[in-house]
Amino acid sequence: MMESGVPVCHTCGEHVGLNGNGEPFVACHDCNFPICKTCFDYELKEGRKACLRCGNPYDENLLDDAEKASGDRSTIAAHMDKSQDAGIHARHISSVSTLDSEMTEDNGNPIWKNRVESWKEKKNKKKKTSIKVEIEAQVPPEQLMEDKPAADAFQPLSTVIPIPKSRLAPYRTVIIMRLIILGLFFHYRVTNPVDSAFALWLTSVICEIWFAFSWVLDQFPKWYPINRDTYIDRLSARYEREGEPSELAAVDFFVSTVDPLKEPPLITANTVLSILALDYPVDKVSCYVSDDGAAMLSFESLVETADFARKWVPFCKKFSIEPRAPEFYFSQKIDYLKDKVQSSFVKERRAMKRDYEEFKIRINALVAKAQKTPEEGWTMQDGTPWPGNNTRDHPGMIQVFLGYSGACDIDGNELPRLVYVSREKRPGYQHHKKAGAENALVRVSAVLTNAPFILNLDCDHYVNNSKAVREAMCFLMDPEVGRDVCYVQFPQRFDGIDRSDRYANRNTVFFDVNMKGLDGIQGPVYVGTGCVFNRQALYGYGPPSMPRLSKSSSSSCSWCGCCSCCCPGKKAPKDPSELYRDAKREELDAAIFNLREIDNYDDYERSMLISQRSFEKTFGLSSVFIESTIMENGGVAESANPSTLIKEAIHVISCGYEEKTEWGKEIGWIYGSVTEDILTGFKMHCRGWRSIYCMPLRPAFKGSAPINLSDRLHQVLRWALGSVEIFLSRHCPLWYGFGGGRLKWLQRMAYINTIVYPFTSLPLIAYCTLPAICLLTGKFIIPTVTIYSIVFYLMPVIPLILFASHR
C-alpha cells in the first residue's frame, strides 16, 4: 500500500498526493485514514464531512480550504473536456462511500471493493486514453462538426395520450354516485333486519357486501386509463444511422412447448418462423425453443423449420409481407397484390407457397411417425438412441441450428440464432413446469447471447406485426421512460373466434379497458405471453431510479399501517423477512454497480470477486452466468469459446442447479402457482418497477383460442386454481410487499382482485339459491315492502341507467 512514502487512497487506489507543504495529504488526523484529495472533495460535495473509518468530523480549517478550492475549480471545470471522466470517478466513489460505513473486514467487503475500484480506475484510464487517441486519429475535426444527428433523434420515442375528460368525467361521476348509493343501501339493509328469517337475511347481506367489495376492486383500478403512441421512425433515427452498425438492443425470444401431440409442431414452427423473419437486425435476434417434453418429434420439426427458414426469411424481408407466419399468411382472404410493385412477386410467391406445402407434408409425416413409439425407443439418424426417450429421466440437451458461421439463407445473408433447449430431468427433483422451463431459458440465453431484453411467447402465439419489437423498444430504449420499466405487455389477440365469441375468448373488457387503466397507475399485469422483459428485472434487481430503503426505516404498525401516524413517538420494528429482502436487494444492486466491467479481469480476479459477494447463493454455481447478470447492456465476451459456452449452458440447465438458490423465490419466474405470470409481475411491481401497455394498430401477436367448451372451462379452472394458490401463499397481495411503499394502492387493489375473484362463486351460488328457499319456506330476506324501501332497492340501478344513456 506504500510507494515512495506516499500512501494509496483506500477508496480509488490512487496515490493520496501531497499538500501545500509537500507532505502526504491527510484528511483525518485522528486515524490517518488514507484518502486522496479528489475523493475527499467529492465526499464534501455530497455532504459527508466525517471520516469513513472512525466517523470523527474533519478539521474545520481543511474543510474551509476545500470549499474555497472547489469554488475556484467549478468555473474552470465547465470548460474542460475531462468532465465526463470526473463524473465516472465520482459515481464510483459515491457507491463505495455510502456502503463502507456499514461493512466490516470480517467478510472481506472493504478489501474487495478497494480492489474493484483500483482495477476499474486503471482499466478505465487505459481504455479511454486509447479510444480517445483512435477517435482523434481517425476522424478529422471538420467531419465531427458536420456529423450532426437528425432532429428526430432528440425527440421522445413515445408519448402518453390521456383519455379526454369528456369521456372520463361521466364514468367517474357514476362510480362515485354508485359508491354513495351503496353506502345508503347497506345502511338501510343493516338497520332493517328480518327477524322472522334472520339466517336468510344475514346470508343475503353478506353476499351483497361481497359483491360490492368485488365491484370496488374492479372499478377503481380503472380510474386513470391512458393510451400510448410510439414513434418507430424516431427510434430508427436515433439508433440506426446510415453507414453505422445498428445500436438497437438485442432481444432473446423464448418459445415454450411440452407435448407436440397436443401442441402441433406445425403451429410451433410458424411461431418460430415469424420470429426469425422479424423486421429487426438479424444479429440482435435469438430464438430459444424450450422442449420440456424432450420429444424427438419437436427436435426433428425444428430441424425442418431451420431448413425452411433459409427460404422463408429472405422472402418476407424482400417483399415486406405481413404476417410472417406462412400458415396464416397464405390463408388470408385478402388481395395479396395490394401495395406490391415488384414484377417478380407473383412468381416467387407461388414458388414459396409450393415450398411451404412441401414443408407441411414433411412435418405431417413426422407427426404421423410419432403416433406410435417403438419399443426400443426413438433412434436418431446416426443410430444413437434419443437421449429423451424417458421424458422424466434424461440429460440436458442443447442444439444451435442457425446463427453461426456458414448458416445463411439462400441469398447468403446471416440468419438469427435458433437454439433448441431441453433441460435435464431426474426423478426426485422439482421441475416447476412452465416457470422452471422459462428460468432454464433465462440462464441458457444469458450464457450464449445475453440480450438485455427477453420476449416470451407461447408456442401457439405467432408474431403478427413484424415491427412489434420496435414498438417495445420505443419504451425500453427511451432514456426517459425505459429506466424503470420491467416489461412491456402486449394485448392477446386470437384467430379463429366466431363473431359471437361464444366462449368469451377475446376478453375485451380486460385487454381493452382494465389494462389501460392499470397502465395509468403502475402498469399492466403480466399475462404470460407477448411480453418483453428487462432482463435485469428478472434477476431481482430494483429499478435504477428507486431509492434504497433506509435501514432505519420502520415498518407499519398493526393499527394504522404506518408507524408515524398513530405512534409519532415510537418506531415499530421492521419485519425480519422485509429486512432480509431489503438487504439482499441492496447487496445485488451494489454488486451490479461495482462489477460492471468484470469481463476485463483475469480468471483469478474474476473468481475472487464473485466468491466475495457470494453470488452463488443467489444465482447458482456458474461463474459465466454470474458474470452475465451484472452486464446491464448484455452481450458475451468476444473471446469466449463457443464450445465452452455450450458446456456451461448444459450445466445451468441441470436439474440440481437451482437448489439452495433464489431461483423461483426472488429471481426469474416465481414458483408457487400455476399462474406464474401474475406472481412474477407482482413481485416486480413490489420492487418499484413499472410496466407499459403497448397496443399498436396492427396486433403484435396472435394466438389460438380454445375452440370448444371443455377446453375453455379447463383454461378458466386453471386460472382460478392459480389465483387461489397465490391467495394462500406468502405472496398474497393482501399482506405481501408493504415494506417500502413501492406498490401503489390502486395497483394492489388490482392484484387483490385477480386472486379473490374465484371466491365470488360461493356467494353467487348462495345468493342465487335464496329466492328458491324463500318460495319454499314462505320467508323473505327483506322487510315489508313500502314506497320508502323501494327507493333504496332502485337506487343502485339508477347510475347504470344514466351511464347507459350517456353512451
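Quick rundown of the values:
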{"item": "In Hz, Karplus ³J(HN,Hα) per residue of region 628-633 (6.51, -1.76, 1.60; θ = phi - 60°; x = Gly, Pro)", "result": "5, 5, 9, 9, 4, 8"}
{"item": "Spin-label pair Ala637/Ile232, simplified geometry with 7 Å Cα→Cβ offset, distance in nm", "result": "3.8 nm"}
{"item": "Sites Asn507 and Met380, calculated FRET efficiency, Cβ-Cβ separation with R0 35 Å, nearest 0.05", "result": "0.25"}
{"item": "Inter-label distance for Ser710 and Arg172, nm, one decimal - labels placed 7 Å from Cα along Cα-to-Cβ", "result": "5.0 nm"}
{"item": "Radius 11 Å from Cβ of Asp411, net charge of other residues (Lys, Arg +1; Asp, Glu -1)", "result": "+2"}
{"item": "Protection-proxy order for peptides 159-170, 387-398, 276-287, 757-768, each taking the mean of Cβ atoms within 10 Å per residue, highest first", "result": "276-287, 387-398, 757-768, 159-170"}
{"item": "J(HN,Hα) series, region 320-327, from Karplus relation 6.51 cos²θ - 1.76 cosθ + 1.60, nearest Hz, glycine and proline x", "result": "6, 7, 9, x, 9, 9, x, 4"}
{"item": "Summed side-chain charge close to Gly517 - residues other than Gly517 whose Cβ falls under 11 Å, Lys, Arg +1, Asp, Glu -1", "result": "-1"}
{"item": "Net charge of Cβ neighbours under 12 Å - reference Ala504; Lys, Arg +1; Asp, Glu -1", "result": "+1"}
{"item": "3J(HN,Hα) from dihedral phi, region 172-188, Karplus parametrisation 6.51/-1.76/1.60, rounded to Hz, x for glycine, proline", "result": "5, 4, 5, 4, 5, 4, 5, 5, 5, 5, 4, x, 5, 5, 6, 4, 5"}
{"item": "Among 530-541, 693-704, 727-738, the order from most to least packed when residues are scored by Cβ within 10 Å on average", "result": "530-541, 693-704, 727-738"}
{"item": "Cα convex hull of region 309-444 - mean projected area over all directions, nm²", "result": "11.8 nm²"}
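Laboratory data are not the source of any read-out in this text; all were calculated from the coordinates shown. This one's a predicted model, so the numbers in the text were calculated from it and none came from an experiment. Methodologically, a virtual Cβ is constructed for each residue, glycine included, from the backbone with ideal geometry; neighbour enumeration extends over all protein chains shown.
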